[in-house]
Amino acid sequence: MYDICYGGKCASELEVYAVNRPNIPAAKRKSNSMEIAGRDGALYEEEEAYEEQNIEIQMNYIGAEEDWMDRWRMVQEWLSRRNTTLILSDDPDYFFRISKVELDNNERSSRRTGKFKATFVSKDGLYYLQDGLAEYSCEAVQYNPYLLTYPTYHITGKGSCELLVNGKFFSVDVSEELYIDTERRLTYISDGTAVNHAATGDYEDLYLLPGENTMEYSDGFQVQVIPNWRRL
């Protein structure tokens with residue numbers, strides 16, 4: 001049976017299954033078009049960001065007639081989560097980042113069966129690597145074989161720590177432990193409390209570029225990186 005896992009729970013745990021393997025849309029970069037008088041066609045300026053993409057999955061279940069409504073309620077509760085991950089059973093090393101799920105009507109073709117379509121709205125249509133959620137040394141992530149990524153830096157130590165990434169400075173005041181989330185532009189401590197006032201610099205300067213990157217940091221600190229690798 002083909003399975004999907006959403007928000008850490010698999011459809012099979014609810015005895016719900018995908019009818020077919022889903023079609024996966026290609027990721028599309030955002031772009032701006034510009035018309036120039038006297039020139040054929042338009043000029044396109046591409047951004048680093050990608051457009052939302054919809055992944056449609058037909059799903060069904062069968063069970064006791066008296067459990068039909070309860071099963072549908074459990075499905076709705078399961079798929080009501082937002083801003084979480086979708087994993088397909090035939091591609092377990094990758095996941096999609098999903099903003100929300102839209103459900104169609106549940107077709108009750110018999111007293112025991114239900115069939116519905118779930119549309120998973122991917123924030124960018126990109127594949128994220130499970131390995132990209134682990135922490136690595138700076139040396140281990142200096143070469144980025146994938147797209148531009150928005151890493152999280154985990155710094156331990158005490159005092160002012162200066163990061164030098166691709167020739168650009170970013171400094172933080174660390175009391176013991178601190179995280180820099182470049183995608184959310186957020187600096188926080190281990191209990192989740194935001195301490196953006198402790199940071200000086202542009203979060204964009206800490207992105208990992210495709211290919212070779214250079215990374216240095218102040219002596220007396222330990223810096224680990226969660227790369228959040230992503231690819232087409």
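What to note about this one:
- Stretch in the chain that is longest and holds no GluC sites (Glu not before Pro) that DSSP places in a loop and that have at most 16 other beta carbons within 10 Å: 53-134
- Gyration tensor (alpha-carbon) shape descriptor, segment 170-232, a/c threshold 1.5: prolate
- Cα→Cβ-extended label distance, 7 Å offset, between residue 70 and residue 134, nm: 4.1 nm
- To the nearest ten degrees, helix 68-78 and the longest principal axis of the Cα atoms of the chain are 10 degrees apart.
- Mean projected area of the convex hull spanned by the Cα atoms of the chain, taken over all viewing directions: 17.4 nm².
- Computed from point charges on the beta carbon alone (+1 for Lys and Arg, -1 for Asp and Glu), the dipole magnitude for segment 125-225 about its Cα centre is near 180 Debye.
- Set of lysines with alpha-carbon distance to residue 9 below 16 Å, sequence-local pairs under 8 removed: 100
- Once the Kirkwood radius over Cα pairs is known for segment 45-162, the Stokes-Einstein relation at 20 °C and 1.002 mPa s delivers a diffusion coefficient of 121 µm²/s.
- Accessible area, probe 1.4 Å, largest first, for residues 1, 59: 1, 59
- Legend: calculated FRET efficiency, residue 102 to residue 2, from the Cβ-Cβ distance at R0 = 35 Å, rounded to 0.05, equals 0.95.
- Taking every alpha-carbon pair in segment 104-214 and binning the separations at 10 Å intervals from zero gives 12, 36, 24, 10, 9, 7, 1 percent.
- Listed peptides 118-124, 78-84 appear in the order 118-124, 78-84 once ranked by packing, highest mean of other Cβ atoms within 10 Å at the front.
- Solvent-accessible area assigned to carbon and sulfur over the chain amounts to 44 percent, based on a 1.4 Å probe.
- Cysteines without a disulfide-compatible neighbour (Cβ-Cβ under 4.7 Å), the chain: 138, 161
- In this structure the chain gives 57 Å² per residue of accessible area when probed at 1.4 Å with all protein chains present.
- Trypsin sites (Lys or Arg not before Pro) within segment 164-232: DSSP coil, no more than 12 neighbouring Cβ in 10 Å: 184
- The calculated P(r) of segment 96-152, using every Cα pair and 10 Å bins from 0, goes 17, 32, 20, 16, 11, 4 in percent.
- Normalised alpha carbon radius of gyration of segment 147-204 [divisor 2.2 N^0.38 Å]: 1.05
The values are calculated or read from the model by the stated rules, or taken from the named source; none is laboratory data. Being a predicted model, the structure only gives us computed values, none of them experimental. We place every Cβ from the backbone using ideal geometry, glycine too, and count neighbours over all the protein chains shown. What goes into the accessible areas is simple: the full protein's heavy atoms, side chains included, and nothing from ligands, DNA or RNA. Shrake-Rupley method; radii C 1.70, N 1.55, O 1.52, S 1.80 Å.
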